[in-house]
Structures are given as structure tokens and as C-alpha cells.
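A short worksheet on the structure shown next.
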Amino acid sequence: MTAGRDHFRREEYDKAESYFARVAENERNAPPAVQEAIYYQAECLRLTGYYPKSADLYSSLLQKFPNSSY
């Protein structure tokens, strides 16, 4: 997650998105980490203009974690 956050802060959204995707897809990760990863993956996609895929991820986050703080 740290590498993804670092890339996100540097506005390297393509690199950050790939890190967040790996965290989000790994079912062994703790739910809070998965929630954060999905959110930031969606943010990366939104900031690079991939609006439909970004919207799908936001929706997925809310379906999987309806009480998420994200």
C-alpha cells in the first residue's frame, strides 16, 4: 500500500492504480486495506479519465462494503 500511496501523491496514477489493484484483488488482505485499495484504484482511474471503470469500482466498493468510510 505504501508504494501505491507514494505514486498517488506524486500523481503517477497509472503506477499507483496497479499497486492498489493488487491489494484489492488479494482476498487475504484485511477488509480495511481492501476498501482503501478499491477507493484509491477508482480515484486513479477517475483522475486519468477512465470514468466508467472508475464508477464501476466505486459501485463495487459500496456493494461489498456498504458501511465503508470511503
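What percentage of the solvent-accessible surface of the chain, computed with a 1.4 Å probe over protein heavy atoms, is contributed by carbon and sulfur atoms?
Carbon plus sulfur share of accessible area: 48 percent.
Before rounding to the nearest 500, sum -39500 (n - 2.57) across all DSSP H runs of length at least 4 in the chain and divide by the residue total; then give [θ] at 222 nm in deg cm²/dmol.
-23500 deg cm²/dmol
Quick one: 3J(HN,Hα) in Hz for the stretch 55-66, Karplus 6.51/-1.76/1.60 with θ = phi - 60°, rounded, Gly and Pro as x.
These are the phi-based 3J(HN,Hα) values: 4, 4, 5, 4, 4, 4, 4, 5, 6, 6, 10, x Hz.
Suppose every K and R has +1 on its Cβ and every D and E has -1 on its Cβ; what is the size of the dipole of the chain about the Cα centre, in Debye to the nearest 20?
80 debye
What list of ³J(HN,Hα) couplings, whole Hz, do you get for the stretch 8-24 from phi and the Karplus terms 6.51, -1.76, 1.60, once you set θ to phi - 60° and write x for glycine and proline?
Result, rounded to whole Hz: 4, 4, 8, 6, 9, 5, 5, 5, 4, 4, 5, 5, 5, 4, 5, 5, 5.
Hey, can you find the accessible area per residue of the chain for me, probe 1.4 Å, expressed in square angstrom?
On a per-residue basis, 67 Å².
Dividing the Cα radius of gyration by the Kirkwood radius, what Rg/Rh value follows for the chain?
0.94
The values are calculated or read from the model by the stated rules, or taken from the named source; none is laboratory data. These figures come from a predicted structure and were not determined experimentally. Reconstructed Cβ throughout: ideal geometry from the backbone, glycine too, with neighbour counts over all protein chains shown. Quick note on the areas: whole protein, heavy atoms, side chains included, nothing else; ligands and nucleic acids left out. Shrake-Rupley method; radii C 1.70, N 1.55, O 1.52, S 1.80 Å.
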